[in-house]
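What follows is a set of notes on a single structure, which appears directly below.
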Amino acid sequence: MSDGIWGTTAIVGIGETDYVRGSDRHVCDLILDAAMEAITDAGLTPADINGIIPPPGYMSTEEIAAHLGVPDVAYHVSVLMGGASPTASLQTASMAIACGLADNVLVCMGWNGYSALSPKPDARPTKRTMNLGPMGETVRNHYAPYGLMSAAQHYSLYLRHYVEKYNVSEDAAAAVAMACRKHAQLNSKALMRGKPLTREDYNASPYIAEPLRKFDCCVETDCATAVVVTSLERARDLPHPAVVYLAGAEGHPEPADEIANRPNLLELGIHRAAPRAFERAGVQPRDIDVLEIYDCFTYVVLLQLEALGYAEPGGAAEFVANGNIELGGKFPMNTHGGLLSQGHCWGLNHVVEATRQIRGTSDAQVDGAELALVTGYGDLGDGSVAILASDR
């Protein structure tokens with residue numbers, strides 16, 4: 001792969017729905033709404049789109065193209081890395097554009113994570129659920145017989161090891177949860193807007209699977225997001241300031257498909273992806289103005305901050321203390337509320353927020369934001385990183 005792709009493409013359109021529990025609309029409608037919003041935001045029409053990266057397991061490229069009115073799909077691929085997929089998709093879209101396979105690539109994500117995966121009495125019935133593929137088989141055949149059913153239980157296998165190895169206190173996890181909730185109060189689309197979180201609230205929340213308390217876990221939502229990627233040259237002729245995809249990378253743990261037999265439980269995909277991304281971008285962790293870190297669980301955020309180089313192993317607690325990751329701090333993080341408090345859209349909402357930050361249009365704007373870092377995190381430890389930059 002040529003290094004010539006880095007810094008040659010840009011995000012030019014973004015779209016997202018509200019984040020709700022129990023949408024009265026079909027998940028496919030949500031995905032199409034977000035996609036059309038992103039295309040319109042880019043100053044384009046569906047006829048201008050000729051590359052599509054669809055949501056894993058929900059809608060096919062053919063369905064999306066037919067409903068949007070995209071006449072000619074020249075490039076399509078599915079990226080199957082769990083929560084690392086949307087951020088990794090930016091790399092794939094950029095390669096397609098740089099190689100001349102597509103001109104304008106639509107990346108979309110959406111799901112009914114509240115209505116379908118764990119149906120509630122007040123949720124609209126639906127038959128459209130996510131196909132988890134090989135990961136689902138691994139869970140059903142190798143973990144479920146031993147009582148490991150939920151994501152929190154799977155993550156606890158190595159998060160408890162992390163806590164015990166480095167004596168990580170709940171102060172650090174609480175700091176992450178409260179920062180995300182604080183930022184969500186500024187976001188009109190956030191599920192948890194109007195629901196502040198105090199340390200007393202956090203302490204009173206029950207354990208789901210130690211060390212994870214209720215407020216260490218992301219919120220279940222029905223939602224959709226989308227972005228449009230094009231060449232930087234073309235982006236400069238479109239309505240919004242270009243948000244340059246400066247560089248990205250992906251990484252996978254070893255072995256990638258399960259947890260129990262890993263020689264090092266705490267060496268995850270993000271540890272491998274991060275150095276590649278920084279080297280390709282030609283920047284250092286301390287150069288970043290705003291962090292959008294995949295926050296399925298608070299302790300996963302701590303692990304990623306260490307993998308990214310912001311702290312030594314076991315040292316992220318100090319990094320997140322004293323408001324350092326809140327607005328006004330040195331490294332504001334998850335300024336939209338993240339998966340913990342805005343809603344769970346597999347991390348493409350992190351890309352949308354990072355784009356707004358670089359444009360200068362976020363509801364929780366970081367002054368002078370010119371470099372943003374986004375991470376993605378797959379269910380069994382896959383990792384992806386994107387570094388976005390102003391074109392100024």
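The modelled label-to-label distance for the pair residue 361/residue 99, using points 7 Å beyond Cα in the direction of Cβ, is 3.1 nm.
GNM remark for the chain: springs join alpha carbons under 10 Å apart, and the peak mean-square fluctuation among 377, 207, 155 falls on 207. Debye-formula intensities of the chain, expressed as log10 I(q)/I(0) at q = 0.07 Å⁻¹, are -0.27 (one equal scatterer per alpha-carbon, no solvent). Placing a label point 7 Å from the Cα of residue 199 along the Cα-to-Cβ direction, the residues of region 311-325 whose backbone N falls under 14 Å from that point are 321-324. Neighbour counts of C-beta atoms inside 10 Å place 305, 197 in the sequence 197, 305, starting with the fewest.
For residue 347, no residue 5 or more places off, or on another chain, has a built amide H under 5 Å of its own.
Ordering of 244-255, 57-68, 379-390 by packing is 379-390, 244-255, 57-68, highest average first (other Cβ atoms within 10 Å, averaged per residue). Secondary-structure-derived ellipticity at 222 nm for the chain, considering helices only, amounts to -9500 deg cm²/dmol, per-run term -39500 (n - 2.57) for DSSP H runs with n ≥ 4.
Note that region 360-368 has calculated 3J(HN,Hα) couplings of x, 10, 6, 5, 10, 5, 8, 4, x Hz, one per residue in order, obtained from phi through the Karplus relation 6.51 cos²θ - 1.76 cosθ + 1.60 (θ = phi - 60°); glycine and proline are x. Residues whose amide H falls under 5 Å from that of residue 22, counting only those 5 or more places apart or on a different chain, are 114, 115, 222, with hydrogens built in the peptide plane.
Starting with the highest mean, order 70-76, 329-335 by the number of other Cβ atoms within 10 Å, averaged over the residues of each peptide.
Top of the packing list down: 329-335, 70-76.
List the residues whose amide H sits under 5 Å from the amide H of residue 104, counting only those 5 or more places along or on another chain, with H placed 1.01 Å from N in the peptide plane. So residue 104 has HN proximity to 50, 51.
3J(HN,Hα) along region 91-107: 5, 5, 4, 5, 4, 4, 5, 5, 8, x, 7, 8, 9, 10, 10, 8, 10 Hz, from the Karplus curve 6.51 cos²θ - 1.76 cosθ + 1.60 with θ = phi - 60°, whole Hz, x for Gly and Pro.
Taking the Kirkwood radius as Rh and the Cα radius of gyration as Rg, region 1-93 has a ratio of Rg/Rh equal to 0.97. The DSSP beta bridges internal to the chain are antiparallel in roughly 80% of cases. Only lysine pairs 8 or more places apart, or on different chains, with alpha-carbon atoms under 22 angstrom apart are counted in the chain, and they number 8.
3J(HN,Hα) along region 70-85: 7, x, 8, 8, 8, 8, 8, 7, 10, 9, 10, 10, x, x, 8, 5 Hz, from the Karplus curve 6.51 cos²θ - 1.76 cosθ + 1.60 with θ = phi - 60°, whole Hz, x for Gly and Pro.
Considering only 20, 12, 77, the Gaussian network model of the chain with Cα springs below 10 Å gives its largest mean-square fluctuation to 77. Identify which of 28, 99, 108 has the largest mean-square fluctuation in a Gaussian network model of the chain, with springs joining Cα atoms closer than 10 Å. Comparing 28, 99, 108 in the GNM, the peak value goes to 99.
On the beta carbon distance between residue 261 and residue 167, with R0 = 35 Å, the FRET formula returns roughly 0.85. Taking a ≥ b ≥ c as the square roots of the eigenvalues of the Cα gyration tensor, region 177-290 is classed as oblate, since a/c reaches at least 1.5 and a/b does not exceed b/c.
The residue list 81, 5, 212 was ranked by how far each Cα lies along the charge dipole of the chain toward its positive end, using unit charges on Cβ atoms, and 212 comes out on top.
Values quoted throughout were computed directly from the atomic coordinates according to the rules given, and no laboratory measurement underlies them. Every value quoted in this text rests on a predicted model; they were computed, and no experiment measured them. Glycine gets a Cβ as well: all are built from the backbone with ideal geometry, and neighbour counts include every protein chain shown.
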